[in-house]
Amino acid sequence: MDHAELIRRLEAVVGRPYVLHRADDVSVYEQDALMVARGRPDAVVLPESAEQVAAVVRIAREAGLPVVPRGAGTGLAGGAIPVRGGIVVALTRMTRILEIDVASRLAVVEPGVVNADLTAALEPHGLFYAPDPGSQVASTIGGNVATNAGGPHCLAYGVTGNNVLGLEVVLPDGTLTWVGGRAHDAPGYDLVGLLVGSEGTLGIVTKVVVRLMQKREAVRTLLAIYDTMDAACEATSAVIAAGIVPEALEVLDGISMRAVNRTLGAGFPEDAEAALLIEVEGVAEAVPVLMARIEAICRQHGARRIQTAATADERVGLWKGRKHAYGALGRLGRRAMMLDVCAPRSRLAAVMRQVLEAGRKWDVGVANFFHAGDGNMHPTPFFDVTEDSPEYARVVGLTEDIMRACVDAGGTITGEHGIGLEKREYLGWMFGEADIAAMKRVKAVFDPDGLCNPDKVFPTGRPPHAVPAPRGADGGEAARAGVGGEEAGAPDAAVPEATGRPGGPRALA
Amino acid sequence: MTGTPHAAAVPAQPGAAALAPPRGASGPAAAARAAGAPAMPWIPEIETCIHCGLCLPQCPTYRVTRLEAESPRGRIWLVKEAAAGRLEPAAIADHLYLCLMCRACETACPSGVQYGRIAEAARAVLGPPGPPLQRAVVRFVLRGLMPSPVRLRRAAAVLRAAQRTGLLAVAQRVLPPGLRQRAALAPEVPPRGFSPEAEVLPALGARRARVAFLSGCAMSLFFPDVNDATVRVLRRNGCEVVVPAGQVCCGALNSHYGEAQTARAMARRNVDAFPDDVDAIVVNAAGCGAAMKAYGHLLADDPAYAERAARFAAKVRDATEWLVQLGLRTHPQAVPVVATYQDPCHLAHGQRVRAEPRALLAAAGVRLVEMAAADRCCGSAGIYNLLQPAMAETLLREKMEAVRATGAQVVVAPNPGCMLQLRYGARRFGVPVRIAHLMDLLDQAGA
């Protein structure tokens with residue numbers, strides 16, 4: 001099958017307007033929100049039904065081409081980057097909410113539905129879909145499923161995997177099938193659990209049955225200000241240890257608070273070093289009681305000021321600083337790189353000390369705003385060097401030290417963004433050879449030809465940016481950026497990105 | 001099997017076919033290439049984009065097409081690739097010109113990317129959009145008409161004559177459908193343009209401030225009454241109003257449509273024409289206000305003007321912004337209408353002015369019923385509705401349905417482009433609403 005034949009066949013399936021293959025049209029699909037790697041697809045297809053997805057997958061298989069599913073392209077781990085070319089299946093046109101079953105508290109949606117749009121559609125029914133990743137205004141349910149996305153409110157309601165009941169999926173051989181269903185516990189293997197978080201390496205999800213939650217009667221939000229990050233982390237551990245599960249428990253550090261003070265006039269004390277943002281929901285009688293207990297614990301651990309909010313407007317005010325922290329940081333430094341790691345909640349303070357120590361050791365500023373309640377940290381180095389600078393080794397050193405600290409403490413190298421391309425070389429830090437071999441056998445059962453989102457999740461021995469140059473590229477930027485070639489062994493074999501978010505594994509090759 | 005995507009392939013038509021930009025060998029991309037378009041320079045603002053994609057859902061053209069190349073992130077990527085030499089500049093023109101320049105993405109962006117500046121800089125390299133004939137017409141309008149108030153008045157007189165003699169109506173019957181739709185957008189031209197009785201109009205009552213007023217090209221020609229109302233409201237609130245005789249169009253369209261040189265020339269003329277000793281430069285057209293607030297950036301490289309332009313820009317205020325800053329002198333009488341407010345893109349996104357117009361509506365006793373997505377573009381976008389009629393119409397239909405759902409009697413939109421588009425939309429989609437400028441209502445309220 002030559003390229004022209006491929007395009008003709010794809011067009012016959014999805015219609016001509018929805019097969020992109022011109023340089024300008026496919027160029028924009030070379031990347032997602034991980035900015036250090038790229039890969040040019042042979043074609044981008046925008047199907048509108050599960051049947052079309054299945055047909056496209058069959059054509060790709062016949063042509064021996066990789067298939068890479070893509071939602072909104074907001075993934076921070078590079079999961080949607082077609083590093084080996086092939087066909088990008090963009091699910092952005094599959095945006096229907098097929099069913100909202102209020103009585104059973106579930107909804108059936110297509111993968112291209114934007115997370116926040118689902119929330120908005122559920123509002124009139126007094127229901128909500130719990131996982132609320134930072135990207136929720138743009139990211140799709142399909143992408144959330146692929147990465148097993150989290151968010152502040154996952155502390156109480158669980159991550160995506162806890163909120164998905166069933167999936168319709170196109171397997172790598174083109175079979176259209178269902179796993180799970182509408183009940184809370186489907187018989188047989190928990191294939192939903194396997195597919196959620198598989199980052200598009202086991203198939204393409206075409207429908208999702210999500211579990212819905214009833215909106216609570218009362219919501220209270222508390223903001224506690226601390227003089228040290230240590231005290232805030234200890235307070236977090238104490239709240240969790242007391243058996244309290246707030247709906248959200250977030251930390252904002254001094255750097256972030258001062259940044260949002262500058263960009264939003266958020267009004268945090270300039271000399272504070274940490275703030276806890278805690279949200280509690282429940283029946284009207286219980287919430288104040290719970291809040292009083294939390295407040296007491298916060299004070300015991302040295303909170304210097306506590307502010308509570310009961311009305312929606314007041315709550316939005318308290319959340320504003322947290323929600324805009326990353327953006328505010330982006331405005332202060334030239335680059336900010338949000339990491340995604342986890343530490344056991346009992347060891348938050350110790351790991352945080354190591355994070356700050358690593359920042360001093362490598363002389364790179366690190367801001368911290370994160371989901372403290374479930375130990376999901378987002379240390380965010382901010383710096384002025386570009387990845388082509390020798391100085392960039394400091395950023396890599398810092399990110400590796402942070403990941404190492406988390407793993408040593410019994411945490412993980414990713415909480416909610418996924419492994420994707422960004423962290424595949426670090427998988428061995430978490431798992432032994434036998435573990436990885438077992439995972440690879442699972443992968444082989446689903447995808448024996450290795451065409452479903454290849455070169456993701458599993459280590460390859462190459463840093464993520466060392467991908468083949470887009471065909472037809474003149475290497476202009478590689479020459480300008482002046483790095484990358486050596487690492488891949490050929491001058492034009494790597495196309496480093498001159499701007500944006502650097503990735504961790506660069507130094508590993 | 002490794003096919004190479006290449007520009008000469010069968011023209012693809014992403015998005016609903018009718019909404020796709022013109023493509024292929026006869027498209028503007030090819031035309032620009034034939035014309036020897038210069039290389040895309042590196043635009044520093046590109047660096048601030050972290051590719052997070054949070055702009056996507058706020059972009060009207062992405063919402064319609066669901067294509068990355070028709071999103072702000074996609075367009076920035078295309079400009080970056082062109083600057084890196086990986087794409088021909090001409091190959092990205094269609095995508096950049098399907099953009100409305102509404103700057104909703106700037107409101108959504110957590111990193112503060114100034115998309116408008118990136119797009120304007122890229123368009124300055126690409127030149128005006130469209131196939132050769134259209135490019136020539138756009139260039140003629142931008143270079144020949146816009147900088148000259150006299151020629152603009154003459155052109156409006158010709159249009160008015162065509163309307164009054166029925167020539168336009170006849171033309172509309174014989175024109176091919178594409179042009180017929182565009183002709184239907186032609187605004188009704190009132191008998192006389194804005195002509196204040198003097199260059200300096202004294203404050204009524206005690207003087208509280210001295211302001212200069214940009215009369216605006218479209219406002220002067222199509223909405224002279226709105227300008228009169230604005231001046232009255234300003235004077236009643238204690239402003240001495242200077243209407244500089246030497247002023248020209250602000251140059252916004254020129255900046256947006258790839259005519260940076262004429263835009264700069266027009267900015268210089270305005271910097272020269274406006275007095276320095278005023279407290280504010282007041283504008284009642286959102287697009288003009290946004291453009292004039294950017295004069296400092298526009299003329300930053302001009303040593304003779306940079307400083308004066310920055311000073312000028314710092315004084316520019318939208319009329320609503322200025323009146324709230326100044327404080328209304330009297331408590332106006334209530335205007336008993338139910339209204340909905342259309343945030344002009346270049347007011348809400350371009351100038352971040354949202355609260356002031358609503359505060360003034362409340363002061364005027366208007367009952368405001370908010371429409372869904374009030375800050376989403378109506379599709380006017382300067383001359384966008386003429387150049388991209390299919391996309392403009394799609395957005396307008398959505399907008400008019402949102403208006404209809406409010407049950408409002410009046411749509412308030414303090415910008416001439418929006419007013420013309422909404423007026424056309426009300427006719428086109430049969431929504432029984434009147435379109436008004438905020439200054440009309442304030443004037444009516446006696447503010």
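Values quoted throughout were computed directly from the atomic coordinates according to the rules given, and no laboratory measurement underlies them. These numbers come from a predicted model, not from an experiment. Reconstructed Cβ throughout: ideal geometry from the backbone, glycine too, with neighbour counts over all protein chains shown.
Computed log10 I(q)/I(0) for the stretch B:100-147 at 0.18, 0.29, 0.32 Å⁻¹: -0.68, -1.03, -1.10, from the Debye equation with unit scatterers placed on every C-alpha and solvent omitted.
Is the C-alpha gyration tensor of the stretch A:97-214 telling us rounded, prolate or oblate? Criteria: a/c under 1.5 is rounded; beyond that, a/b larger than b/c is prolate, otherwise oblate. Prolate is the answer for the stretch A:97-214, as a/c is 1.5 or above and a/b outweighs b/c. Charged neighbours of A:ASN453, selected by a Cβ distance under 9 Å, balance to -2 (K, R count +1; D, E count -1). The distance separating the Cα centre of the stretch A:235-281 from that of the stretch B:200-246 comes to 49 Å. Taking a ≥ b ≥ c as the square roots of the eigenvalues of the alpha carbon gyration tensor, the stretch A:316-391 is oblate, as a/c is not under 1.5 and a/b does not beat b/c.
Couplings for the stretch A:361-376, taken from phi via the Karplus curve 6.51 cos²θ - 1.76 cosθ + 1.60 with θ = phi - 60°, read 4, 8, 6, 10, x, 10, 9, 9, 8, 6, 8, 5, x, 10, x, 8 Hz in order; Gly and Pro are left as x. Counting charges near B:PRO202 (Lys, Arg +1; Asp, Glu -1) among other residues having Cβ under 13 Å from its Cβ returns a value of +3.
Mean silhouette area of the stretch A:218-408, derived from the convex hull of its C-alpha atoms and averaged over all directions, reads 10.1 nm². With the simple spin-label model, which puts each label point 7 Å out from Cα in the Cβ direction, the A:ARG441 to B:VAL170 separation comes to 8.7 nm. Here the stretch A:30-48 and the stretch A:432-466 have alpha carbon centers that stand 19 Å from each other.
The Cβ shell under 15 Å around B:ASP302 holds other residues with a net charge of +2, Lys and Arg each +1, Asp and Glu each -1.
Dimensions of chain A from C-alpha coordinates, computed as largest minus smallest value along each principal axis and given longest first, are 69, 58, 44 Å. For the protein assembly as shown, the spread of Cα coordinates along the three principal axes comes to 87, 69, 58 Å, biggest extent given first. Counting only lysines at least 8 places from A:LYS207 when in the same chain, those with an alpha carbon closer than 27 Å to its own are A:LYS215, A:LYS440, A:LYS443, A:LYS456. In this simple spin-label model, placing a label point 7 Å from the Cα along the Cα-to-Cβ direction at both A:SER389 and A:ARG304 gives a separation of 3.3 nm. Inter-part distance, the stretch A:341-378 to the stretch B:124-174, computed on C-alpha centroids, equals 62 Å.
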